[in-house]
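To start, the structure itself, in structure tokens.
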Amino acid sequence: MSVIAVPEIGAPVEARAQSRRLPVISLGIIATFVLVAILAPLISPADPYEQALRLRHRPPVWEERGSWSYPLGTDRLGRDLLSRIIHGARVSLAAGVLTVLVASAFGAAVGLVAGYYGGRVDATLMRVTDATLSFPVILLALILAVTVGPSFGNVVIAIAVILWARYARVIRGQVLTLMQLDFIAQARIAGAGAWRVITRHLLPNTLNTLVVLVTLQIGYVIIVEASLSFLGAGIPPPTPAWGGMIAEGRDVVTSAWWVSFFPGLAILLVVLAFNLLGDWLRDTLDPRLRQL
Amino acid sequence: MSFALGEAETLGLVGESGSGKSMTCLSVVRLVPRPAARIVGGVVRLDGEDLLTKSEREMQRIRGRKVAMILQDPMSSLNPVFSIGMQMREPLTMYHGLRGAAAVSRAAELLGSVRIPSPATRLRAFPHQLSGGMRQRVVGAMAIAGPPRLLIADEPTTSLDLTIQAQYLGLLKDLQAQHRFAMIFVTHNLGIVARTCDRVAVMYAGRIVELGPVRRLFTTPAHPYTRALLASIPRFGARRETLTAIAGQPPDLARLPAGCAFAPRCPDVMDRCRAEAPPETMAAAGHSTRCWLHAPAA
Amino acid sequence: MPPPPDAAARHVTPLLEAHALTKHFIVRRGALGWSTALVRAVEAVSFTIEAGTTLGLVGESGCGKTTTSKLILGLERPTAGTIRFEGSDVHALGRAGEREYRRFVQAVFQDPYASLDPRMRVATIVAEPLVINSDLDATGRRRRVAELLDVVGLPARAGTLYPHEFSGGQRQRIAIARALALSPKLIVLDEPVSALDVSIRAQVLNLLTELQKRLGVSYLFIAHDLAAVGHMSHTIAVMYLGRIVELGDADAVALRPQHPYTRALFAAAMPVDLDAPREEITLAGEVPSPLAPPAGCAFHPRCPFAMDRCAVEAPALRTEAGRLVACHLY
């Protein structure tokens, strides 16, 4: 009657190969910034705190009054912008990574416990999570800044205290799916207790999701931190923080545009790189997360 | 592969996963998913007309009217957000131009013919409110709306409970006697084939390896695969120590061996089998097979 | 086939006894979940499993066989009734006693793709019960794992691979190897071959039969393939809406069923033998929901032999033709 031929596997394999190719650019950008942050004191051309009021608002090197001693120009206190951006990388990346690690550890723990036990434990934990999710991060940070005073620590706390809820929700959802699978029942039949099931079975199977979430969230946290610093509720001056630096250049955006521009560009590059990396990780590790 | 089917005759299409039975059904109605697969040759004749030469528009008119399909999972055959009545009216309007009250009463009539109690009320129900057996009956009702000349049933009872399965198979046979359509019944359950089919085609790795009347095939199977399959099925009462298992694994269709696809697992394999794929030969009248054991000595 | 061990003659305590096992679930209904309904998933179920034999459990959806298996495995606690393992009440022993019981009762489930942790190597999967429950050190465990893989017909190097590198039938073998790790006395087999290709089923069923002969392990075999149940079991219990309606020797129940439901069930099973004598019983109606079981005998609305009495009084199990039947016909 009819003969059916299945052609050689051509097109589908290519599509997969594309997503398999390492996101070299993103990784490159991230690696560069990480290196810069680590080696900041060594590679920074000048002291980021040194003020030189006679050199205030000097333009970048390719413009008329620029010079190589301040390649990207200076800010309103005559501090070299490049050095401040380099040191700012430390602050922003540290804030981003630290906050996300703390939030994800705590949030994942909550999600695992809620998903595993179910019932009242789950209901209670999820009510707390929902309440937390609805609280605006910036507001909390501002409150903290006003009451306790702005500092690096407060920024991390303020963000982490709200951010964990996102992880808890997502991980709990995953755990609920995993709990339906037989191998969890098998572990319990073998005699495993809650701790063993959670750490040896549930957690490894949620790692993919966690890694993707963490990567995607680092960019978000950097922006939040920058926003807080911009609003004056984040890292206090004179510590170079990209958000704060943008704030400082707010009034001279038309004349000394570089003061706000370059820190902004730095934020853009880092956040974009983390987001692209996160997308790639999600596509390779866990296609189910596509709607995130 | 080739087979022919007469009016009110049922052909059982038997095979395991990856044997190609579902693909065969899809290719009869030209619903083969592109670009992954294409029909590359052959002829499909329904009442004398070659379906492979028809345009897509003509095919659309044939599908649903002259050729109907019942699939395994009734929940995905029915749209969960529309009521049964709305879903049944769609083909009635499309194929028979019935609208309004005429469509509703025809739909109720069809539900009645598949023995659904209180059909008029059921029209307002949604798929999730019905049991699995009921849903398959609704799908059946939509299938006989044509009325079709050919009904393709792809594992229609696999997801149903045993007693419901028996009801449903009885219903299909009654409908077939009434409307005189031919039926292709795809299943992996040889017990069902024994009870409901007139002829059976056994598929392996995309080819029909044996084709013939049910009784002959079951009592004197020609192909070693059929023989092994029949021997490996547990039977009531005769509690044997061991079943005759088939060694090895079903083949990977992307990497078929040269020669006969069953050679790696065949208990009667010869050198020739590994070298050349056997042609279709007649083991007896109306009973064909693809096996070097039955081919005339070359 | 050697006859099953005759417990009465040898006065041996059965391996497992279930007495009037009952499990009710409370289900919330209504828009705000205010009203509750009772699901009588398992109602007064009693059976025994002798050492080295197989009890087949059959029934359609909602009959309670899955819940029964969970009760036996200790994954659910009975609402009423007792489970006696080698004479002692399992739930009267406290947590330590229950853990001990768990060692002797293991399971193999239907879905070969969900029953193995995809992120663990096969050797780790099979060794896990040993890690939790035994005193073996790493070397001892390694040796035991190699032994188990060999028993189920897999090469030792399979231990280094991940589940996704195996076919369905091979994964079930891994699941069986894991179930055997603690040398259990009873294995609950819940549809162990239904997800496998027909040509592979015989391989796995043969393996299970051989293991029973070699190791003397008992099985609680749950399947909807009645022929497989008939082949594997020494005794068969037929369940309908949470109750046992017939219980007896496998051949007797399969070939000469007494209860109308059993007769309909086995008639629907469509044996491959074209000439096998077969009743033509087709039941009317649907399997009722466990939330609203019919009064009296739960089967009476569909029973071709229903009498007035059946709608009023639920029949008790009584002996008839060498097995237990719950029906007013007898």
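Within segment B:101-142, the set of residues being in a loop (DSSP other than H, G, I, E, B) and either within 27 Å of the chain's Cα centre (by Cα) or at negative phi (or both) comprises B:VAL114, B:ARG115, B:ILE116, B:PRO117, B:LEU123, B:ARG124, B:ALA125, B:PHE126, B:LEU130, B:SER131.
Kindly indicate whether any position in segment B:261-272 is over 30 Å from C:LEU208 (Cα atoms), of a type outside the set (Asp, Glu) and either surrounded by fewer than 22 Cβ atoms within 10 Å (Cβ to Cβ) or within 9 Å of chain C (Cβ to nearest Cβ) (or both). Scanning segment B:261-272, I find at least one residue that is over 30 Å from C:LEU208 (Cα atoms), of a type outside the set (Asp, Glu) and either surrounded by fewer than 22 Cβ atoms within 10 Å (Cβ to Cβ) or within 9 Å of chain C (Cβ to nearest Cβ) (or both), so the answer is yes.
State yes or no: is A:LEU77 of a type outside the set (Ser, Thr, Tyr), assigned to a loop (DSSP other than H, G, I, E, B) and closer than 23 Å to A:ILE235 by Cα?
Working: of a type outside the set (Ser, Thr, Tyr): yes; assigned to a loop (DSSP other than H, G, I, E, B): yes; closer than 23 Å to A:ILE235 by Cα: yes.
Here the answer is yes, as A:LEU77 does meet what is asked.
One line per residue, one yes/no per condition, for (1) touching a Lys or Arg at 6+ places or on another chain (Cβ under 6 Å); (2) within 21 Å of A:ALA185 (Cα to Cα); (3) buried (at least 22 other Cβ atoms within 10 Å of the Cβ):
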{"residue": "C:VAL151", "(1), (2), (3)": "no, no, no"}
{"residue": "C:PRO155", "(1), (2), (3)": "no, no, no"}
{"residue": "C:PRO184", "(1), (2), (3)": "no, yes, no"}
{"residue": "C:LEU205", "(1), (2), (3)": "no, no, yes"}
{"residue": "C:MET232", "(1), (2), (3)": "no, no, yes"}
{"residue": "C:GLY242", "(1), (2), (3)": "yes, no, yes"}
{"residue": "C:ALA252", "(1), (2), (3)": "yes, no, no"}
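Among the residues making up segment C:157-184, those that are in a loop (DSSP other than H, G, I, E, B) and away from chain B (no Cβ under 14 Å) are C:LEU161, C:TYR162, C:ALA181, C:LEU182, C:SER183, C:PRO184.
Taken as a whole, the condition of being over 30 Å from B:SER159 (Cβ atoms) and either surrounded by fewer than 16 Cβ atoms within 10 Å (Cβ to Cβ) or modelled with pLDDT under 85 (or both) does not apply to C:LEU38. Residues in segment B:240-266 that are closer than 19 Å to C:SER199 by Cα, in contact with a helix residue (DSSP H, G or I) (Cβ under 6 Å, 6 or more places away or on another chain) and part of a loop (DSSP other than H, G, I, E, B): B:THR242, B:LEU243, B:THR244, B:ALA245, B:ILE246, B:ALA247, B:GLY248, B:CYS260, B:PHE262, B:CYS266. Please verify whether B:VAL202 is assigned to a strand (DSSP E or B), within 14 Å of chain C (Cβ to nearest Cβ) and within 24 Å of C:LEU205 (Cα to Cα), treating the condition exactly as stated. Answer is yes for this residue. Could you say which residue among C:THR79, C:THR53, C:THR66 is surrounded by fewer than 20 Cβ atoms within 10 Å (Cβ to Cβ), at pLDDT 90 or above and either within 14 Å of chain B (Cβ to nearest Cβ) or under 30 Å from C:ALA267 (Cα atoms) (or both)? Going through C:THR79, C:THR53, C:THR66 in turn, just one is surrounded by fewer than 20 Cβ atoms within 10 Å (Cβ to Cβ), at pLDDT 90 or above and either within 14 Å of chain B (Cβ to nearest Cβ) or under 30 Å from C:ALA267 (Cα atoms) (or both): C:THR66. Can you say whether A:ASP279 is surrounded by fewer than 22 Cβ atoms within 10 Å (Cβ to Cβ), within 19 Å of the chain's Cα centre (by Cα) and acidic (Asp, Glu), as far as the supplied structure shows? Criteria met by A:ASP279. Comparison of B:ALA283, B:ALA277 shows that the only residue that is modelled with pLDDT under 85, more than 24 Å from C:SER194 (Cβ to Cβ) and either at the interface with another protein chain (Cβ under 9 Å from one of its Cβ atoms) or crowded, with 19+ Cβ neighbours inside 10 Å (or both) is B:ALA283. Checking segment C:86-107 against the condition returns no match, with no residue being out of contact with any His (no Cβ under 9 Å at 6 or more places or on another chain), at positive phi and within 11 Å of another protein chain (Cβ to nearest Cβ). Residues in segment B:169-227 that are among the polar types (S, T, N, Q) and in contact with a Gly (Cβ under 8 Å, 6 or more places away or on another chain) were compared, and the one that is farthest from B:GLU109 (Cα to Cα) is B:THR187.
Residues that are in contact (Cβ under 8 Å) with a residue 40 or more places away in the chain and outside any loop (DSSP other than H, G, I, E, B): does segment C:277-291 have at least one? No: segment C:277-291 contains no residue that is in contact (Cβ under 8 Å) with a residue 40 or more places away in the chain and outside any loop (DSSP other than H, G, I, E, B).
Candidates B:ILE164, B:ILE192: the one that is within 14 Å of chain C (Cβ to nearest Cβ), in a helix (DSSP H, G or I) and touching a residue at least 40 places away in the same chain (Cβ under 8 Å) is B:ILE192. Scanning segment B:91-117 for residues that are farther than 23 Å from B:GLN176 by Cα and without any contact (Cβ under 8 Å) to a residue 12 or more places away in the chain returns B:THR93, B:GLY97, B:LEU98, B:ARG99, B:GLY100, B:ALA101, B:ALA102.
Looking across segment B:214-224, the residues that are at the interface with chain C (Cβ under 8 Å from one of its Cβ atoms) and in contact (Cβ under 8 Å) with a residue 12 or more places away in the chain come down to B:VAL214, B:PHE218. I'd like to check something: does segment A:144-157 contain any residue that is part of a loop (DSSP other than H, G, I, E, B) and among the small types (Gly, Ala, Ser)? Taking every residue of segment A:144-157 in turn, at least one turns out to be part of a loop (DSSP other than H, G, I, E, B) and among the small types (Gly, Ala, Ser). Screening C:VAL229, C:VAL217 for residues that are more than 10 Å from chain B (Cβ to nearest Cβ) and within 22 Å of the chain's Cα centre (by Cα) leaves exactly one candidate, C:VAL217. Among residues of segment C:82-105 being aliphatic (A, V, I, L, M) and in a helix (DSSP H, G or I), the one that is surrounded by the most Cβ atoms within 10 Å (Cβ to Cβ) is C:VAL90. What about C:VAL238, is it surrounded by fewer than 24 Cβ atoms within 10 Å (Cβ to Cβ), within 22 Å of C:ALA41 (Cβ to Cβ), touching a residue at least 40 places away in the same chain (Cβ under 8 Å) and of a type in the set (A, V, I, L, M)? Answer is no for this residue.
The values are calculated or read from the model by the stated rules, or taken from the named source; none is laboratory data. Not measured: the values here are computed from a predicted model. As a convention, Cβ positions derive from the backbone with ideal geometry for all residues, glycine included, and neighbour counts pool all protein chains shown.
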